[in-house]
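Some notes on the structure that comes next.
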Protein chains: 2
Amino acid sequence: MAGTAYYEFNRDRVIGTAAELFARNGYHGTGMAELGRAVELGRGALYRYIGSKEAVLYAISKDQVDKMNSHAEAVLDRDLEPRELLREMARGLLRNIADHRAEWTVFFREYNALTGERRDDVIAARERYEGYWRQALDRGVSGGALRPTPPLLVKGILGMLNYTYLWFTPEGELAPEELADLFLDALIDGIHV
Amino acid sequence: MAGTAYYEFNRDRVIGTAAELFARNGYHGTGMAELGRAVELGRGALYRYIGSKEAVLYAISKDQVDKMNSHAEAVLDRDLEPRELLREMARGLLRNIADHRAEWTVFFREYNALTGERRDDVIAARERYEGYWRQALDRGVSGGALRPTPPLLVKGILGMLNYTYLWFTPEGELAPEELADLFLDALIDGIHV
C-alpha cells in the first residue's frame, strides 16, 4: 500500500515536471535524460514510472481531458436550468485550465505528436467532452429555453474557453469562474440591443 | 530588381518551409541545418535570407498578424453596419487561418519562444488587432445596435475564431467565411429563445 502510494507520488511528480518542461521547451525539444535530471531519477527508475516520452505526453493530455469528462458528467447529472448548466460546464473547464496551464499548453500544442492507440484515445475523450456540451445545449433546446444552433457552435464555445490557456492569468481581476459566466452570458444573451 | 525579386522569392520559400517544419516537429525540435537541407541552401546562404532561427519564427508570426491588422483597417474604413462589420472581421481571420494553418499553428504554439524586441513587437501587433475588434464592437454600441460588453469578451471572440487553427479543414462542408458568419451570428443574436 505504502509502495503504491510512493509509486503514484513519484509518477505524478514525473508527469507534472514533464508538463512544465514540455510547456517551456516543447515536446520535441525535451529529452528523457533532461526529464530524468529534473526529477532526479536515473534512466531505469524513470522508465519504471513512465515507459516512454510519448507515454508522458499521453498521461499529461489524457488526465486533464478525463477530469473534464467526469466534471461534465457530474454537472449533467444535476438538475440545473440551462443557463446554470452551461455556466457550470464552462466554470469547470476554465478553473481546470487556470490550475493546470502547463498541462493544457502541452495538450493543445503537442497532442498531434501522439500516435496510434494513444492518439485515438485522446481524440475519443475529446469528442466525448464535445458531446457533453452538445447534450447541455440540446437539453436547453428541448426545455424550450434555447434555440437550436448549428452543431459546430460547440467548437466555437470550446474555442472561447480553451483559448484562455494562452492568455488568462488567475492572478488577474477575474476568477476563472467569473470569466466563464461572462463568456457564457454574452453567448446566451447575445450582444445586440 | 531581378535580384530583389529572387531574394524575396527565396526568403518566402525559407519562411514557408520553416513554418511547415516547425508546425510538424516544433520550433525547438527543428534545427537550422534541417531547414537548410529542406530548402537546399547551405549555411551561409540560409543566413543571408534569414539571420537566425528566432528571426524565422518572428517572420512567420509577424507576417500573419500584420496581414490581419491591414485587413481590419480596411474593413473598419468601409461604412458597414455592425453585424456586417463584425462578420467581415471574422471572415478575414478565418480565411487567413485556413490558408495559413502551418503559420498560425507555429504562431500560437511557439510565439512564447520569441525574446526581447521581437517578442514585444509581435505582442504589440496582436494588441493592435484586439484593439480593432474593440473598435468594431464600440462602433456598434455608439450606433445603438449593440449593447456594451466587457472588454474581455474580445478575447472570447478571438478564442472562438483562433481556435479553428486546431480543427477547421477548409475541405469540409463550410467555407471559412460561412463558419465566421455562423459564429458571429450566434454571438450577436444569442442562443436563447
Tell me which of B:G140, B:T105, B:V122 sits at the most positive position along the dipole axis of the range B:92-146, charges placed on C-beta atoms (Lys, Arg +1; Asp, Glu -1).
B:G140
Please list the non-local residues whose amide H lies under 5 Å from the amide H of B:H192, H modeled 1.01 Å from N, same-chain partners needing a gap of 5 or more.
A:R147
Round to a whole angstrom and tell me the spacing of the C-alpha centers of the range A:1-20 and the range B:34-71.
41
Length gained if B:E130 through B:T4 is fully extended, taking 0.36 nm per residue and subtracting the Cα-Cα distance, is 42.0 nm
Between helix A:53-77 and chain A: long-axis angle, C-alpha atoms, 0 to 90°, nearest 10:
30
For a paramagnetic label modelled at 7 Å from the Cα of A:E34 toward its Cβ, which residues of the range B:3-41 fall within the zone defined by backbone nitrogen distances under 12 Å?
B:27-30
What fraction, in whole percent, of alpha-carbon pairs in the range A:1-98 exceed 15 Å separation?
67
Which of A:T30, A:T164, A:T149 moves the most in a Gaussian network model of chain A with Cα springs under 10 Å?
A:T149
Treating only Lys and Arg (+1) and Asp and Glu (-1) as charged, each at its beta carbon, one finds that the protein assembly as shown has a dipole about its Cα centre, in Debye to the nearest 20, of 1140
Out of A:L80, A:L161, A:L57, any idea which swings most in a Gaussian network model of chain A, alpha carbons joined below 10 Å?
A:L80
Just name one of A:A175, A:L41, A:G159: the one whose Cα is farthest towards the positive end of the charge dipole of chain A (beta-carbon charges, Lys/Arg +1, Asp/Glu -1).
A:L41
When the helices in chain A are scored as -39500 (n - 2.57) per DSSP H run of 4 or longer and the sum is shared across all residues, what 222 nm value do you end up with, to the nearest 500 deg cm²/dmol?
-25000 deg cm²/dmol
Chain A: most fluctuating residue of A:R91, A:R147, A:R119 per GNM, C-alpha cutoff 10 Å:
A:R147
Assuming a ≥ b ≥ c are the square roots of the Cα gyration tensor eigenvalues, decide whether the range B:136-193 counts as rounded (a/c under 1.5), prolate (otherwise, with a/b larger than b/c) or oblate.
prolate
Taking a ≥ b ≥ c as the square roots of the eigenvalues of the Cα gyration tensor, with a/c under 1.5 meaning rounded and otherwise prolate when a/b exceeds b/c and oblate if not, the range A:55-189 is oblate
Below 17 Å, Cα to Cα, which lysines can A:K155 reach? Residues fewer than 8 away in the same chain don't count.
B:K155
Would you tally the net charge around A:F107, using a Cβ to Cβ cut-off of less than 11 Å, leaving A:F107 out, and scoring K and R as +1, D and E as -1?
+1
List the lysines whose Cα sits under 20 Å from the Cα of B:K53, skipping any in the same chain fewer than 8 residues away.
B:K62
For the protein assembly as shown, rounded, prolate or oblate, judged on the Cα gyration tensor with a ≥ b ≥ c (square roots of eigenvalues), a/c < 1.5 rounded, else prolate if a/b > b/c?
oblate
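Bear in mind that the values in this text are calculations on the coordinates, not laboratory data. Every value quoted in this text rests on a predicted model; they were computed, and no experiment measured them. No Cβ is skipped: glycine too gets one built from the backbone with ideal geometry, and neighbour counts run over all protein chains shown.
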